[in-house]
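See structure below.
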Amino acid sequence: IGSAPFNASELSFLERSDRRNDAHGIELSLVVPFYNEEDAVPLFFDRIVPVMNALGLRYEIVCVNDGSRDKTFSMLAAASLRHRGIVRVIDLSRNFGKEAALTAAIDHAVGRAVIPIDADLQDPPEVIPDLVARWREGNDVVLAIRADRSSDSWMKRKTAGWFYRFINKISDVDIPANAGDFRLMDRKVIDAMQRLPERARFMKGMFAWVGFKTATVGYTREKRSAGTTKFRYWRLWNFALEGIVSFSSLPLRVWSYLGFAIAIAAAVYTLVIVAKTLIFGVDVPGYASIIVLLLVSSALNMIGLGIIGEYVARVFVEVKNRPIYVVRERIGLDDQALRLAA
Ligand code: UDP
Ligand code: MG
């Protein structure tokens, strides 16, 4: 490849494993998305670095700045100087969303195992030794399950509960409830993940789709260390919709059955009306029933069209085949980047 900045997701498999050979035996990669987290950055490193050092294995922290508009990037750059060789920073060209940021981080991670973790310390770093212990026992995926979500609002817990119930009813893969992106994944799992080319990155679903031997560890979800949540309800709703449309075609298929049911009812009703007209003559009044039928059937039509639209819109995005993210700059990965560019 040329010397132009490259998009890691476009690296060939060989190039990627090349970089892994240059990984100097890094065992664990933490991958962290940051979006407007300037207050959380120092707290994050202060708490995570001692935990990681105590583990006594080689590790890296791959930080992705997802187009923050505050000082997050310069603070990450400073952290990469302070923790040289450990903290690597990837600066995206704009805000691509958490899922894309995670994808970028995972693409750049070289460890034998990868742990996505939130920057706001809601996923407590103290759980990491447990994850590693279960990994050492031979598990490929170790899920961190939120045993206690009392730090989330009542509304968020409720809606999350409904979402998991619904998506698991209709999707083909089992998406574990109360497991976020916080988990450990072996390199095998990451390699499998990277063969999923979709633009719509519903990571929880993709992690679940690849499968592998899975263990779980419980933890208590903490309060945000600083700053505010980036997921307001409208964004969460769209995220849920993304998950449902990406992992199930049931909403599309349901319309054929509904159509059949309505067609049968319509046929019966037609016979009734014809018979009534033949026997009792023309019966003109019927304004109410006509209006009701008209409104109901056109509403059903529109809902059906809307659902087809949700899928078509996603097909459109996939077909365009644009990169999932664009990198503006990288810090702390230079040795590897130079080797690759040579
Ligand atoms: N995040 C991101 N890009 C976004 C939104 C969020 O990288 O567009 C990151 C954010 O910085 C944090 C993580 O995703 O590290 C989880 O976000 P947040 O804590 O706001 O979500 P919540 O925990 O409230 O669901
Ligand atoms: Mg959070």
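Just so it is clear, none of the values below were taken in a lab; they were calculated from the coordinates. Computed from a prediction, not measured in an experiment: that's the story for all the values here. Glycine also receives a Cβ, built like all others from the backbone with ideal geometry; neighbour counts cover every protein chain displayed.
Using the average count of surrounding beta-carbon atoms within 10 Å as a protection proxy, the listed peptides 202-209, 164-171 rank, highest first, as 202-209, 164-171. When 83, 108 are arranged by Cβ crowding within 10 Å, least crowded first, meaning fewest neighbours, the order is 83, 108.
Give the distance, in whole Å, between the Cα centre of region 60-101 and the Cα centre of region 255-318. Computed from Cα coordinates, the inter-centre distance equals 54 Å.
Just want the ordering: 96, 34, from fewest to most Cβ atoms lying within 10 Å of their own Cβ. Don't skip to the end; give the middle numbers.
On the way: 96 22, 34 28.
By the 10 Å Cβ count, ascending: 96, 34.
Neighbours of residue 243, meaning other residues whose beta-carbon lies under 15 angstrom from its beta-carbon, give a summed charge of +1 when Lys and Arg score +1 and Asp and Glu score -1. For the chain, the relative contact order comes to 24 percent (Cα pairs under 8 Å, sequence separation of at least 6).
Structure note, pairs 71/156; 156/223; 158/213: Cα-Cα distances above 22 angstrom occur for 71/156; 158/213. Within the shell defined by Cβ-Cβ distances under 14 Å, the residues around residue 144 carry a net charge of -1, with Lys and Arg each +1 and Asp and Glu each -1. Helices assigned as whole DSSP H runs in the chain whose Cα atoms extend at least 18 Å along their own long axis and whose mean Kyte-Doolittle hydropathy is -1.0 or higher are found at 40-55, 154-170, 233-247, 250-280, 287-320. Taking 0.36 nm per residue of sequence separation and removing the Cα-Cα distance, the residue 226/residue 147 pair yields an extension gain of 26.2 nm.
Want the number for residue 81 to residue 155: 0.36 nm per residue separation, take away the alpha-carbon distance, what's left?
Once the chain is fully extended between residue 81 and residue 155, it gains 22.5 nm.
Among DSSP bridges having both ends in the chain, what percentage is antiparallel? Round to the nearest 5. Write out the running numbers ahead of the final one.
On the way: 10 of 33 bridges.
Counting DSSP beta bridges with both partners in the chain, the antiparallel share is about 30 percent.
Legend: ranking of residues 155, 185 from fewest to most surrounding C-beta atoms inside 10 Å; resulting order 155, 185.
Once R0 is set to 30 Å, what does the formula 1/(1 + (r/R0)^6) return for the Cβ-Cβ distance between residue 305 and residue 235, expressed as a FRET efficiency to the nearest 0.05?
Calculated value: 0.75.
As a length-normalised measure over Cα pairs under 8 Å and 6 or more apart, the relative contact order of region 89-199 settles at 39 percent. Reachable lysines from residue 320, Cα under 26 Å, same-chain residues fewer than 8 places away excluded? Leaving aside lysines fewer than 8 places away in the same chain, those within reach of residue 320 are 98, 204. In the chain, helices alone account for a calculated mean residue ellipticity at 222 nm of -17000 deg cm²/dmol, with every DSSP H run of four or more residues adding -39,500 (n - 2.57).
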